[in-house]
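Report on one structure; see the data block that follows.
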Amino acid sequence: MNIIITGASKGIGFELARIFAKNENNTIIAIARSESLLKELKNACIRQDLRNKLKTIAFDLEKINEIKTVLVPEIIKHMQTVDILINNAGILINQPFEHFKTNEIKQIFDINFFSHALFINELLPYLKVGNPKHVVNISSMGGFQGSLKFPGLAYYSASKAALANLSECLAEEYKNDGIIFNCLALGSVNTEMLQKAFPNYTSKTNPAEMAEFIHDFAINGHQFFNGKIIPVSSITP
Ligand SMILES: NC(=O)c1ccc[n+]([C@@H]2O[C@H](COP(=O)([O-])OP(=O)(O)OC[C@H]3O[C@@H](n4cnc5c(N)ncnc54)[C@H](OP(=O)(O)O)[C@@H]3O)[C@@H](O)[C@H]2O)c1
C-alpha cells in the first residue's frame with residue numbers, strides 16, 4: 001500500500017510511520033518540517049531494517065501555496081496512487097481567547113485546517129484510482145460537538161471542529177469515487193502537544209498505543225465507516 005502521513009517527525013505520527021514501515025509491502029511518505037527529526041525517524045526504521053519502506057519529505061504545511069507546486073510533485077516521484085492519507089500534522093497554541101493575534105489564529109487554521117483541505121484537493125487524482133482509498137483526518141475531542149471544553153484552547157478546538165466537519169462533507173461529495181473520509185477525534189496522548197495543552201498532566205495513553213489504533217483503523221475502518229467523526233477517548237482530557 002501507498003501511505004502518506006503528515007506530522008510524522010514526532011509524537012503520534014512518528015510512531016504511526018514506524019508501524020506502517022514494518023510491512024514490507026508498504027511505501028510510506030512521512031512529512032513534517034524538521035529535517036533532523038525526520039532523519040531520526042529514518043534512523044529508527046534503519047535500526048529495524050526497514051529503510052527501503054519510508055521516504056521523508058521536509059515541508060512546512062503552513063506554506064499552503066506550495067502544497068500544489070512543491071509538495072505534491074515531490075510525492076508523485078515516489079507514488080502514483082495513494083491508498084491511505086493520514087492528515088495528522090497539527091499545532092496548538094494555548095492562551096486566553098482575547099490574547100490571540102491575527103497571525104496566530106491564521107497559523108492555527110492554516111496548519112490544522114486549510115493545509116489538510118488543500119492537500120486532499122491536490123491528491124484527489126491519486127486517490128480516485130483503484131481500490132477504496134481511506135483519508136483519515138486527525139482531530140481532537142476539543143473539536144467534537146458536545147465534549148467538555150477547556151479555556152485557552154478555543155482556536156485549536158475550532159480548527160479541529162472544522163476538519164471534522166470537512167470529513168463529513170467530503171465523504172458525501174466523493175462517495176461515488178471510491179474515497180472514504182473519516183475523522184478521529186483523539187483524546188489525550190502523552191506528546192509535546194499534550195504538555196502545551198495540559199502542563200504536568202499525564203495521560204494513560206502513549207503515542208505508540210494511539211498509533212496502533214490509528215494504523216488498524218486506517219487499514220480496516222473504511223469497510224465500516226464513511227463520513228464519521230469518531231471519538232477515540234476513554235478519559236477526560
Ligand atoms: N497529543 C494529544 O493529546 C492529542 C489529542 C487530540 C488530538 N491530537 C492531534 O494528534 C495529532 C498529532 O499530535 P501529537 O500529539 O503527536 O503532536 P506533536 O507531538 O506536537 O506532533 C505534531 C506533528 O505535526 C508536525 N507539524 C506541526 N506543524 C507543521 C507544519 N507547519 N508543517 C508540517 N508538519 C507540521 C510536527 O512536525 P514538525 O514540528 O517537525 O513540523 C509533528 O510531527 C495532531 O493533529 C493533534 O492535534 C493530539
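The values are calculated or read from the model by the stated rules, or taken from the named source; none is laboratory data. Keep in mind that what you see is a predicted model, and the values were worked out from it rather than measured. Glycine gets a Cβ as well: all are built from the backbone with ideal geometry, and neighbour counts include every protein chain shown. We work out accessible area using only protein heavy atoms, side chains counted, and drop any ligands, DNA or RNA first. Shrake-Rupley method; radii C 1.70, N 1.55, O 1.52, S 1.80 Å.
A few notes on this one:
- Scanning the range 58-89 for residues that are among the β-branched types (Val, Ile, Thr) and either under 16 Å from ILE3 (Cα atoms) or in contact with a strand residue (DSSP E or B) (Cβ under 6 Å, 6 or more places away or on another chain) (or both) returns VAL72, ILE75, ILE76, THR81, VAL82, ILE84, ILE86.
- The residues of the range 145-161 that are within 15 Å of the chain's Cα centre (by Cα) and open to solvent by 30 Å² or more (accessible area, probe 1.4 Å) amount to a single one, ALA161.
- Filter result for SER9 (hydroxyl-bearing (Ser, Thr, Tyr), at negative phi, within 16 Å of the ligand (Cβ to nearest atom) and open to solvent by 60 Å² or more (accessible area, probe 1.4 Å)): no
- Exactly one residue out of PHE114, PHE97 is away from the ligand (no atom under 15 Å from the Cβ) and open to solvent by 20 Å² or more (accessible area, probe 1.4 Å): that is PHE97.
- Condition check for HIS134: of a type outside the set (D, E, K, R), in contact with a strand residue (DSSP E or B) (Cβ under 6 Å, 6 or more places away or on another chain) and within 18 Å of LEU166 (Cα to Cα): yes
- Members of the range 28-39 found to be more than 6 Å from the ligand (Cβ to nearest atom), touching a residue at least 12 places away in the same chain (Cβ under 8 Å) and either part of a loop (DSSP other than H, G, I, E, B) or surrounded by fewer than 18 Cβ atoms within 10 Å (Cβ to Cβ) (or both), listed by number: GLU35, LYS39
- Screening the range 93-190 for helices (runs of 4 or more DSSP H) wholly inside it with 3 or more residues that are closer than 21 Å to PHE224 by Cα returns the ranges 154-173.
- The single residue among LYS204, LYS196 that is in a helix (DSSP H, G or I), at pLDDT 95 or above and either within 14 Å of the ligand (Cβ to nearest atom) or on the phi < 0 side of the Ramachandran plot (or both) turns out to be LYS196.
- Residues that are on the phi > 0 side of the Ramachandran plot, out of contact with any Phe, Trp or Tyr (no Cβ under 9 Å at 6 or more places or on another chain) and within 15 Å of the ligand (Cβ to nearest atom) are absent from the range 119-136.
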